[in-house]
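Enquirer: I am attaching a structure below and will ask some questions about it afterwards.
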Amino acid sequence: MALDHLALLSDDLDHFATAIEHGPADAPIAWCPGWTLADLGEHLGEVHRWVLGALAVGAPPPPHDDPAPSGSEAMAEWLRSGSARLLDALLSLDPAMPTWHPFPVAPKVAGLWRRRQAQEASVHRWDAERAAGGSPTIDPEFATDGIDEYFAVMLPRVLLRESRRTPSSRLAVAVTDTATRWVVDGTTGLPALLPSGVEADAEIRGDAASVLLRLWGRPSEGVELDGARTVAEDWLVLGGA
C-alpha cells in the first residue's frame, strides 16, 4: 500500500512544533554542529516558506517577508502557520502535475514535493524530540521509503550542490525489518541504483530507521558494516543535516 505522505507530514509537523514549543530552546543538536533546538525550528520553518515560494513561481523563489520570531511559543505558532499553508498547497496540486524542483535526476512532478517534505519533517522531528530528551522512533515502512528517497532524490542534489564527488564504488544497503535491499553505484558520476541482487563492495545493514538516520549522519547504534569498511565510510560521510 502506498504511503500517505501528506498524512505523515501533517503528523510529524504537529509533533515537531510541540517539541519546539516545550523543549529547551538552547538544547544542542549534536549532529548539526552549532545548532540548537531553536535553530532547527527556524530551519524547518524556512524550508516550508521556501517550498511555498517555489510552488508559487515554478522556479527558485525570491526572499520571503515572514522571518522566524524569538521565543518558543511564538516559534511554534510560526511553524504551525507555515506548515498549514504548505499542507494546503501540496494538497491542492495533482501529484502528477509538472512542477519545478532542484533535484537533478528526479521526475519534475508535484508528487515529489509531498514525499520530500514528509521525509525532511520526519528526520527533523526525530532531531527535535531527541534534543528535547525524548526517545523518538520512525515507522519502518516510512523509513524504508526515506532510504529510497535519499538515494533517488536527495543524494544527487547534495553532491551537486556541494561540488562533491561520488565514491567510485558500489554500496549495498540492506534493511532487516522490511526485507529491502538497494545497491548504489558511484562509478559513473552521480549515484545510480542498480538491481538489488547485484554484488557490492560493502554493505550497510540494520533496521530501517537506524539505517536512514545513519545515512543522514545521525547517531545510530543499530547499523552493521560488512565488506570494505572504507567503502562504506566513504558513502556514509556524504549525509548531513
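Enquirer: If the requirement is being at pLDDT 95 or above, surrounded by 20 or more Cβ atoms within 10 Å (Cβ to Cβ) and in contact with a Leu (Cβ under 9 Å, 6 or more places away or on another chain), which of these qualifies: 68, 121?
Expert: The conditions single out 121.
Enquirer: Looking at residue 233 and the list (1) loosely packed, with under 15 Cβ neighbours inside 10 Å; (2) assigned to a loop (DSSP other than H, G, I, E, B), which single condition is not satisfied?
Expert: (2)
Enquirer: Being among the acidic types (Asp, Glu), part of a helix (DSSP H, G or I), outside the structural domain of residue 61 (by TED's automatic domain parsing) and in contact (Cβ under 8 Å) with a residue 12 or more places away in the chain: is that true of residue 120 here?
Expert: no
Enquirer: Additional query: If a residue has to be part of a loop (DSSP other than H, G, I, E, B) and not charged (D, E, K, R) to count, how many in segment 205-230 make the cut?
Expert: Matching residues across segment 205-230 total 6.
Enquirer: Out of segment 154-190, which residues are buried (at least 19 other Cβ atoms within 10 Å of the Cβ) and either among the hydrophobic types (A, V, I, L, M, F, W, C) or touching a Phe, Trp or Tyr at 6+ places or on another chain (Cβ under 6 Å) (or both)?
Expert: Passing the criteria: 154, 155, 167, 171, 172, 173, 175, 182, 183, 184.
The values are calculated or read from the model by the stated rules, or taken from the named source; none is laboratory data. This structure is a prediction, so every number in the text was calculated from the model and none was measured. Note that each Cβ is placed from the backbone with ideal geometry, even for glycine, and that neighbours are counted across all protein chains shown.
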